[in-house]
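One structure below.
The values are calculated or read from the model by the stated rules, or taken from the named source; none is laboratory data. Since the model is a prediction, treat every value here as computed from it, not as a measurement. In this analysis, Cβ positions are derived from the backbone assuming ideal geometry, glycine residues included, and neighbour counts consider all displayed protein chains. These area figures cover heavy atoms from the full protein model, side chains too; ligands, DNA and RNA do not enter into them. Shrake-Rupley method; radii C 1.70, N 1.55, O 1.52, S 1.80 Å.
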Amino acid sequence: MATQKLASLFFLQQIIHVLFILHLANADQGLKLGFYQKMCPDAEAITRKITHQHISRAPTLAAPLLRMHFHDCFIRGCDGSVLLNSTKNNQAEKDAFANLSLRGYQVIDAVKSALENMCPGVVSCADILALVTRDAVSMIKGPFWEVPTGRRDGRESVASETRDLPPPFGNITLLKQKFAAKGLSVKDLVVLAGGHTIGTSHCSSFETRLYNFTGKGDTDPTLDPNYVVHLKRKCQPGDTTTLVDMDPGSFRTFDGDYYTLVAKRRGLFQSDAALLDDTETKSYVKLQANTYGSTFAKDFAESMVNMGKIGVLTGKAGEIRKHCAFVN
């Protein structure tokens, strides 16, 4: 009896050992720097060249591209699902309300077309989005970071799943939950919020803070009253078309001014104001505001690498799409 138990235990240990080896093998198929070095050595150079062509003509595209990458990674992981078109039987992420203002798909398509001509079926749309985002940010005076590659493309995209995105009206508890669910830290949360240093927002995304915060026709008390007056001049109730700079004065330039605005209670969204409601995030806001964003560029680069690893498909999972808007 004892011999049988020992044999069973030994057999179980062998299974565990094999599973562990398989786990390591799969881990080796994950993301790495220079993933395309042998299969498509000029992939990153071509991506950068085409991105530069677009951003030099339209620098305001950098912000929506950054947002696109963020929205992609938070839904199903960084698998390019935000790039897929809706079909007769399915509404895709890009047609969800939260993504209707995304722009820059033409940049992704231009890069994909060039890479397909050079290295057919090699470079994923998910990797292209990650690389284009990095290049676009660096071209408007933002940081440059090394992007580990090897992502593969997902085959599904469901509009209703975008409810998992961190909302602009989120409080700090909800935001921390959303980021923790994706394996991101509280520091990643406050650092990535700094992406609001570029770009614009529709009045409708923060109108409630100006006109009907608690349902009684009041304003959000956490918003600087002088800034409320300024925003009301730009945004009338029910305005769905006017765009407002998220970082007035430098919305085209990637810098640390966002934290100065938040510290002065001039962040556009409730999610911006919420950063002052937590000890760790408030401390970071104050640090960057008081030091003119001294460590922001370095921190942002690190957090973007962290974000770019969320739920990636690697190895033989997913596919390499021929066209980013369609599954093969």
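Details
- Partners of residue 298 within straight-line reach, counting lysines whose Cα lies under 18 Å from its Cα and excluding those fewer than 8 residues away in the same chain: 141, 187, 286, 309.
- In terms of its C-alpha gyration tensor, the chain has a prolate overall shape, because the principal axis ratio a/c (a ≥ b ≥ c, square roots of the eigenvalues) is not below 1.5 and a/b outweighs b/c.
- Across the accessible surface of the chain, with the other protein chains kept in place and a 1.4 Å probe, carbon and sulfur atoms take up 56 percent.
- Cα shape, region 204-294, gyration tensor, a/c 1.5 rule: oblate
- Dipole orientation for the chain: of the candidates 159, 180, 303, 159 has the Cα lying most toward the positive pole (charges on Cβ; Lys, Arg +1; Asp, Glu -1).
- Summing Cβ point charges (Lys, Arg +1; Asp, Glu -1) relative to the Cα centre of the chain gives a dipole of roughly 140 debye.
- Summing Lys and Arg as +1 and Asp and Glu as -1 over all other residues whose Cβ lies under 13 Å from the Cβ of residue 49 gives a net charge of -2.
- Charges were assigned to the Cβ only: +1 to each Lys and Arg, -1 to each Asp and Glu. The resulting dipole of region 117-199 about its Cα centre is roughly 220 debye.
- Length available on full extension from residue 116 to residue 286: 0.36 nm per residue minus the Cα-Cα distance, which gives 56.6 nm.
- Accessible area of the chain divided out per residue, in Å², using a probe of 1.4 angstrom: 50 Å²
- Crossing angle, helix 105-118 versus the chain [Cα axis fit, 0-90 degrees, rounded to tens]: 30 degrees
- For a label point 7 Å along the Cα-to-beta-carbon line of residue 213, residues of region 269-305 with backbone N under 15 Å: 269-277
- Table column - 3J(HN,Hα) (Hz), region 67-78, Karplus curve with 6.51, -1.76, 1.60, x for Gly and Pro: 5, 4, 5, 4, 5, 5, 5, 6, 10, 6, x, 7
- Selection from 147, 117, 192, by position along the positive dipole direction of the chain (Cβ): 117
- Our estimate of slack between residue 52 and residue 252, defined as 0.36 nm per intervening residue step minus the Cα-Cα distance, is 70.5 nm.
- Cα-projected label distance for residue 158 with residue 328, points at 7 Å along beta-carbon direction, nm: 2.4 nm
- Region 285-328 residues near the modelled residue 39 label - backbone nitrogen below 17 Å, point 7 Å along Cα→Cβ: 312-324, 328
- Rounded FRET efficiency, nearest 0.05, which uses the C-beta distance separating residue 90 from residue 171 and R0 of 30 Å: 0.40
- Residue of 98, 45, 130 that the Gaussian network model of the chain assigns the largest fluctuation, springs spanning Cα pairs under 10 Å: 45
- Taking other residues whose beta carbon is less than 14 angstrom from the beta carbon of residue 225, and scoring Lys, Arg as +1 and Asp, Glu as -1, yields +3.
- Near residue 93, once Lys and Arg are set to +1 and Asp and Glu to -1 for all other residues with Cβ below 12 Å from its Cβ, the sum equals -3.
- Shape of region 217-260 from the C-alpha gyration tensor: oblate (a/c of 1.5 or more and a/b not above b/c, with a ≥ b ≥ c the square roots of its eigenvalues).
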